[in-house]
Amino acid sequence: MTSNSFKLAPSILSADFGDLRTALDYCKDGGAHWIHIDVMDNQFVPNLTIGPPVVQSLRPYTDKFLDVHMMVIEPEKLVEPFARAGADGITFHVEATDDPPAVINLIRSTGKQVGISLKPGTPLSAIEPYLDQVDLVLIMSVDPGFGGQGYLPGSTDRIAELKARLNELCLDGVIIEVDGGVKLNNARKIVTAGGDVLVAGSAVFGTQDPTKTIKDFYAI
């Protein structure tokens with residue numbers, strides 16, 4: 001994969017929640033492919049963010065792929081509300097449910113892209129049984145809960161390990177998304193390791209010119 005063939009998914013977790021339409025404009029003008037939406041319930045992770053009504057409010061103002069990352073317990077309760085609100089992809093955590101296949105099937109039944117994620121401390125073996133059932137695997141490269149954290153050492157090797165395993169299983173069509181500590185200075189190595197979609201929050205919206213920063217990512 002060449003460095004310019006990845007997708008950037010700016011995370012609105014780091015945007016101004018009082019002016020999300022401007023955040024969408026930055027993403028449009030910068031050419032971002034996806035919009036990443038971090039959903040936290042203050043139970044699975046120690047933070048509380050946004051729910052389906054915000055996605056529903058954003059949907060009329062963008063034609064970008066709305067990438068919903070649910071960091072919540074009982075994810076099955078929110079799949080259909082987010083699907084109705086206008087999500088294009090829905091990702092859940094393997095640690096958040098006792099029945100991952102049921103959640104996968106539920107997301108699939110809504111016609112949305114199916115994603116599965118895991119925390120940095122969870123072994124890749126925890127998701128291996130489901131790799132042939134999903135469209136996307138989201139590798140967390142920070143401990144989930146808050147934006148602005150540093151990229152965890154070892155994440156690049158983990159991405160490469162997953163990429164190799166997907167190739168071994170002839171599942172090279174499964175998307176690898178990377179979320180946490182993604183910056184301009186490490187994006188190239190993440191893509192080289194196998195990252196297809198890079199989530200960047202503070203690295204985009206924490207800059208003076210988010211539109212230019214998005215373009216800078218695509219120029220790595």
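Just a few scattered comments:
- Looking at segment 29-129, the strands (runs of 3 or more DSSP E) lying wholly inside it that each contain 1 or more residues that are among the acidic types (D, E) sit at 34-40, 65-71.
- Pair list, Cβ < 8 Å and 6+ apart or interchain, from segment 207-220 residues that are touching a residue at least 24 places away in the same chain (Cβ under 8 Å) to residues that are among the hydroxyl-bearing types (S, T, Y) and in a helix (DSSP H, G or I): P210/Y26; T211/Y26; I214/Y26; I220/S3
- Identity of the residue in segment 168-183, of a type outside the set (A, V, I, L, M, F, W, C) and not in a loop (DSSP other than H, G, I, E, B), that ends up farthest from the chain's Cα centre (by Cα): E168
- Against the numbered list (1) at pLDDT 95 or above; (2) buried (at least 17 other Cβ atoms within 10 Å of the Cβ); (3) of a type outside the set (F, W, Y), V142 comes up short only at (1).
- Residue check for A200: at pLDDT 95 or above, under 22 Å from T22 (Cα atoms) and either surrounded by fewer than 17 Cβ atoms within 10 Å (Cβ to Cβ) or of a type outside the set (D, E, K, R) (or both): yes
- Test: residue in segment 173-194 that is crowded, with 20+ Cβ neighbours inside 10 Å and among the hydroxyl-bearing types (S, T, Y): no
- Being of a type in the set (S, T, N, Q), modelled with pLDDT of 95 or more, farther than 24 Å from A15 by Cα and surrounded by 14 or more Cβ atoms within 10 Å (Cβ to Cβ) holds for only one residue in T91, T62, T110, and it is T110.
- Count of segment 2-26 residues, restricted to those that are in contact with a helix residue (DSSP H, G or I) (Cβ under 7 Å, 6 or more places away or on another chain), within 18 Å of P60 (Cβ to Cβ) and not basic (K, R), is 6.
- Members of segment 160-198 found to be within 15 Å of L118 (Cα to Cα) and either in contact with a Ser or Thr (Cβ under 8 Å, 6 or more places away or on another chain) or among the hydroxyl-bearing types (S, T, Y) (or both), listed by number: E177, V178, D179, G180
- Hits in segment 121-143 - residues which are free of Cβ contacts under 8 Å to residues at least 40 places away in the same chain, under 15 Å from R158 (Cα atoms) and in contact with a Leu (Cβ under 7 Å, 6 or more places away or on another chain): A126, I127, V142
- All conditions in (1) in contact (Cβ under 8 Å) with a residue 60 or more places away in the chain; (2) closer than 21 Å to S14 by Cα hold for Y151, with the sole exception of (1).
- Within segment 149-158, one or more residues are closer than 27 Å to A96 by Cβ, modelled with pLDDT of 95 or more and among the hydroxyl-bearing types (S, T, Y).
- Scan segment 1-59 for residues that are within 13 Å of M70 (Cα to Cα) and free of Cβ contacts under 8 Å to residues at least 12 places away in the same chain and the total you get is 2.
The values are calculated or read from the model by the stated rules, or taken from the named source; none is laboratory data. No experiment lies behind these values; they were computed from the predicted model shown. Every residue, glycine as well, gets a Cβ built from its backbone with ideal geometry; the counts of neighbours run over all protein chains shown.
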